[in-house]
1. If only one of Ala242, Ala260, Ala253 is open to solvent by 40 Å² or more (accessible area, probe 1.4 Å), on the phi < 0 side of the Ramachandran plot and within 16 Å of the chain's Cα centre (by Cα), which one is it?
2. Look through Leu185, Leu149, Leu173 and report the one residue that is among the aliphatic types (A, V, I, L, M) and either surrounded by fewer than 19 Cβ atoms within 10 Å (Cβ to Cβ) or part of a loop (DSSP other than H, G, I, E, B) (or both).
3. Go through region 356-366 and count every residue that is among the hydrophobic types (A, V, I, L, M, F, W, C) and either touching a Gly at 6+ places or on another chain (Cβ under 6 Å) or open to solvent by 40 Å² or more (accessible area, probe 1.4 Å) (or both).
4. Scan region 367-405 residue by residue and report those that are part of a helix (DSSP H, G or I), charged (D, E, K, R) and in contact with a Gly (Cβ under 8 Å, 6 or more places away or on another chain).
5. State whether one or more residues within region 294-312 are open to solvent by less than 10 Å² (accessible area, probe 1.4 Å), farther than 25 Å from Asp109 by Cα, over 19 Å from the mean Cα position of the chain (by Cα) and in contact (Cβ under 8 Å) with a residue 40 or more places away in the chain.
6. Given the conditions (1) out of contact with any Lys or Arg (no Cβ under 6 Å at 6 or more places or on another chain); (2) crowded, with 17+ Cβ neighbours inside 10 Å; (3) farther than 25 Å from Val384 by Cβ, which single one is not true for Ala345?
7. Among (1) polar (S, T, N, Q); (2) at pLDDT below 95; (3) at positive phi, there is one condition Ser229 misses while meeting the rest; what is its number?
8. With in a loop (DSSP other than H, G, I, E, B), open to solvent by 10 Å² or more (accessible area, probe 1.4 Å) and under 26 Å from Arg61 (Cα atoms) as the only criterion, which of Pro230, Pro200 stands out?
Amino acid sequence: MTGSGSARRTDRFCGFLRAPIAALLIAAVPSISHAAQCVVPQGLERFHEAVEKVEAKERTRPLTVLHLGDSHISLDNFTRGLRKRWQEAYGDAGRGLMPGVPFRYYAPDGFDVGMSGAWDIASSLPADASGPFGIQGFRVSGSDTSAVLTLHAEQPLTRIEIDAYGGPDTGALLLKLGDAAALKLQTRQDAPGLVRLSVPAANVHDVRLSPAGGGAVHLLGWNAFSSASPGVRYDSFGVVAATASITERWDAAVVRQQIAALKPDLVILGYGTNEGYHNGLDLDGYSRLVAGFIDLIEMAAPDASIALLGPFDGARQGTGAACGEGWATPPKLEGVRGVLRSLAAARDAFFWDGGAAMGGRCAADEWARADPPLMYADRVHLRVAGAERLSAALWAALMGQGQTGAACGAAGRG
């Protein structure tokens, strides 16, 4: 296992056995195999406590994971393996979605999304981006009643929640669930800010959303709930080319409200790749920036565990330590990992080294040359097979899987 940190760890017995019974069994059977145990990594104690409560049927709300990051998170190639393993073990409780089709290749697993008509798409990626943004990183606005957003879900949906930004001049939405009559939902409110709209759904597969008139509507995202109880809800939002600085362009009040409403058990931050390619990166300033966002998360979700992902290995034609045939490791990649590792140690968070999981420096070049290749020729982006290999490694680390192959709880038995 890589990247579980060097700070204090605690062991717990896998499965549904409670700690006292486990202690008696271990004492009575000294030769018990280590494969029957799992290790709760430093920084993930609260997450594993939530897992135990789900397994013991002591809570009804979903085990909830929020994963934010860059292009590695924007598609489901990397996140797919995490979502699949958790939901196979505990059930599919749904996920959050970006508004409409915010970028060309947006295709979340399990959903077909569509957009037609006069919608304006805004991204929080540009340094001069303005207007309200939430954790999804995009905003879709429209006022023309002929504009439509559509959603088709493979699994039946039991509830739809909409994150909108409202104010004194904003309009209403029409929400149509399956064959039912459309519902008119108001986003207008006295003070500008987040509007959360929640509507139960009778196991529908198709959802349609459009402006209802009376002013523009500004959509930040929508959330689709499935029937599993409690299940796992895993929201992954990534923006291509993003660095952690994108979070400074999000509305702090909106983000705080969104995270507080989500009540995540685990927040994963997957930034760092693009920072590592910036030769002039101020590492001290970067540390302060990430720490500030962690502060916001901790304020909004004080019971959540936080995981910081060190960037995957990468290579480019240009400056850096040579890997062969003109490819070199960007010089700031290891510095970024060092910052995140130190922050994790200081904040009692979990750290996972994505570069080490690949095999260390120059692994990106090796992965790109593999047959079949695990990485694209740019030595930055993962092919499906490479993404699956790394998502399996991260999931194993998060679930406390040791060298024996024993992961914690029902996940380890699945």
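1. When all the criteria are applied, what remains is Ala260.
2. Leu185
3. The total comes to 2.
4. Within region 367-405, Glu388 is the sole residue that qualifies.
5. No.
6. (2)
7. Among (1) polar (S, T, N, Q); (2) at pLDDT below 95; (3) at positive phi, Ser229 violates only (3).
8. That would be Pro230, the only listed residue that is in a loop (DSSP other than H, G, I, E, B), open to solvent by 10 Å² or more (accessible area, probe 1.4 Å) and under 26 Å from Arg61 (Cα atoms).
The values are calculated or read from the model by the stated rules, or taken from the named source; none is laboratory data. Please read these numbers as outputs of a predicted model, since none were measured by experiment. Here the Cβ is made from the backbone with ideal geometry for all residues, glycine too, and neighbour counts use every protein chain on show. Calculation scope for accessible area: heavy atoms of the full protein, side chains included, ligands and nucleic acids excluded. Shrake-Rupley method; radii C 1.70, N 1.55, O 1.52, S 1.80 Å.
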